[in-house]
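Report on the following structure.
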Amino acid sequence: MRIKFVKPGLLTTIQDQGRWNYLALGVPVSGAMDALAANMASIVLGNEKGSAVLEFTYAGACFETETAILMAYAGGGAVMRINDRDLPILRPVYVPAGALVTLIKSPEGCRTYMAVAGGWNIPVVLGSRSTYLPARFGGYQGRAIQAGDVIGAVRNFSDSTRQILKSLQGNLLKFTSWSMAAQQFLPANRFQIRVVPGREFTWFEGGSLVSFLTKPYTLDLRSDRMGYQLNGTQMLRSVKKELLSTATLPGTIQVTGDGRLVILMVDGQTTGGYPRIAHVAMVDLPLCGQLKPGDQIQFSEISAVEAEILWLDRSYQLQKLEIALTNKLNNRDNLWR
């Protein structure tokens, strides 16, 4: 299974769930900005956890299927379309060879993830296939996808995938009669971000802390995979001492010297000297991955225990869903439209 890019879009890279074992060596996590959507795209195809996916930022990308492919996509950045027909989201879709797939703008978010049966055939670098653009390693030749690039899937398909591909041979677009419901994993308000107080939370004046937890902040244009700069009420410090460079993670919220907030994202540095006012709960970090410049968010405080329970609950729900979808894919009487 292979595709060839006609247009790469604004930013298209290969990502997975990231490289978490090298933070002590100063290597950022990288990986999908919306890890939940990336996971869903893989799970609905029966792929292994951590399989490589394509991360599209906004719309505009266009690719041609050089061979027939079995794919799925998730996320709110775009809708995939062939001619005038939209491809259904979060369903296995059989696309015949020679089809031209275009990504059309969607108002739901800014990133879309495409998985292919078996996962994309990309070398593993430091335990991950994710692209880390600043250092130019991982992913597809350590860079963003360009026009003319051809990428293919691994060939060691599962037996169920092999049987599906055998039964779907032909020139017709087909997809399953069932789909995954992403809404069960997403809160009603996707702009309410839960945070856990950081080690330096008490370094700030009471009025600033009240504003931090009650007033909205707007995502600045100067935001990328490394970090989001937020516009809003200036944070005033009551403790003036300097902080030695200390550990940070994706989701760490730092306060710069001029009182501005920065949320570190997946390509962010592993240490920093700015005070850490809070950390985004891991369960809500995928919500941040879909934010666009101009979006307004508001923070709400939870405890570290609550954040851990939320994360464990989501992991359990995803595990149950994975088992259910595996049974669906193994069903010989699976209905395809």
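The values are calculated or read from the model by the stated rules, or taken from the named source; none is laboratory data. Nothing here was measured: the structure is a model prediction, and the numbers come from that model. Every residue, glycine among them, receives a Cβ derived from its backbone with ideal geometry; neighbour counts consider all protein chains shown.
In table form, for the structure just shown:
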{"quantity": "Only one of ALA61, ALA37, ALA32 that is small (Gly, Ala, Ser) and closer than 27 Å to GLY170 by Cα", "calculated": "ALA61"}
{"quantity": "Selection within region 107-118 - part of a loop (DSSP other than H, G, I, E, B) and crowded, with 17+ Cβ neighbours inside 10 Å", "calculated": "GLY109, CYS110, ALA117, GLY118"}
{"quantity": "Filtered residue count, region 251-284, keeping only those that are in contact with a Pro (Cβ under 6 Å, 6 or more places away or on another chain) and charged (D, E, K, R)", "calculated": "1"}
{"quantity": "Of the criteria (1) under 23 Å from GLN192 (Cβ atoms); (2) out of contact with any helix residue (DSSP H, G or I) (no Cβ under 7 Å at 6 or more places or on another chain); (3) at pLDDT below 95, which one SER211 fails", "calculated": "(3)"}
{"quantity": "Only one of TYR58, TYR94 that is surrounded by fewer than 23 Cβ atoms within 10 Å (Cβ to Cβ) and within 14 Å of the chain's Cα centre (by Cα)", "calculated": "TYR58"}
{"quantity": "Residue check for ILE145: among the aliphatic types (A, V, I, L, M), buried (at least 19 other Cβ atoms within 10 Å of the Cβ), in a loop (DSSP other than H, G, I, E, B) and in contact (Cβ under 8 Å) with a residue 12 or more places away in the chain", "calculated": "yes"}
{"quantity": "Subset of region 205-227 that is touching a Phe, Trp or Tyr at 6+ places or on another chain (Cβ under 8 Å) and crowded, with 16+ Cβ neighbours inside 10 Å - its residue that is farthest from ALA307 (Cα to Cα)", "calculated": "ASP220"}
{"quantity": "Test set (1) modelled with pLDDT of 95 or more; (2) within 20 Å of the chain's Cα centre (by Cα) - ARG81 fails condition number", "calculated": "(2)"}
{"quantity": "Selected residue [free of Cβ contacts under 8 Å to residues at least 60 places away in the same chain and crowded, with 19+ Cβ neighbours inside 10 Å] from THR248, THR202, THR233", "calculated": "THR248"}
{"quantity": "Search result, residues across region 265-316 that are outside any loop (DSSP other than H, G, I, E, B), of a type in the set (S, T, N, Q) and within 20 Å of LEU133 (Cα to Cα)", "calculated": "THR271"}
{"quantity": "Of all residues making up region 317-336, the number that are surrounded by 12 or more Cβ atoms within 10 Å (Cβ to Cβ) and in a loop (DSSP other than H, G, I, E, B)", "calculated": "1"}
{"quantity": "The listed residue being of a type in the set (Lys, Arg), at pLDDT 95 or above and in contact with a helix residue (DSSP H, G or I) (Cβ under 9 Å, 6 or more places away or on another chain), out of ARG225, ARG260", "calculated": "ARG225"}
{"quantity": "2 or more residues in contact (Cβ under 8 Å) with a residue 60 or more places away in the chain: qualifying strands (runs of 3 or more DSSP E) within region 36-98", "calculated": "53-57, 62-65, 69-75, 93-95"}
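Let's see how each residue does on (1) in contact with a Leu (Cβ under 6 Å, 6 or more places away or on another chain); (2) closer than 29 Å to PHE56 by Cα; (3) not acidic (Asp, Glu):
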{"site": "THR256", "(1), (2), (3)": "no, no, yes"}
{"site": "GLY259", "(1), (2), (3)": "no, no, yes"}
{"site": "THR271", "(1), (2), (3)": "no, yes, yes"}
{"site": "ASP284", "(1), (2), (3)": "no, yes, no"}
{"site": "GLU306", "(1), (2), (3)": "no, no, no"}
{"site": "LEU310", "(1), (2), (3)": "no, yes, yes"}
{"site": "GLN317", "(1), (2), (3)": "no, yes, yes"}
{"site": "LYS320", "(1), (2), (3)": "no, yes, yes"}
{"site": "LYS328", "(1), (2), (3)": "no, yes, yes"}
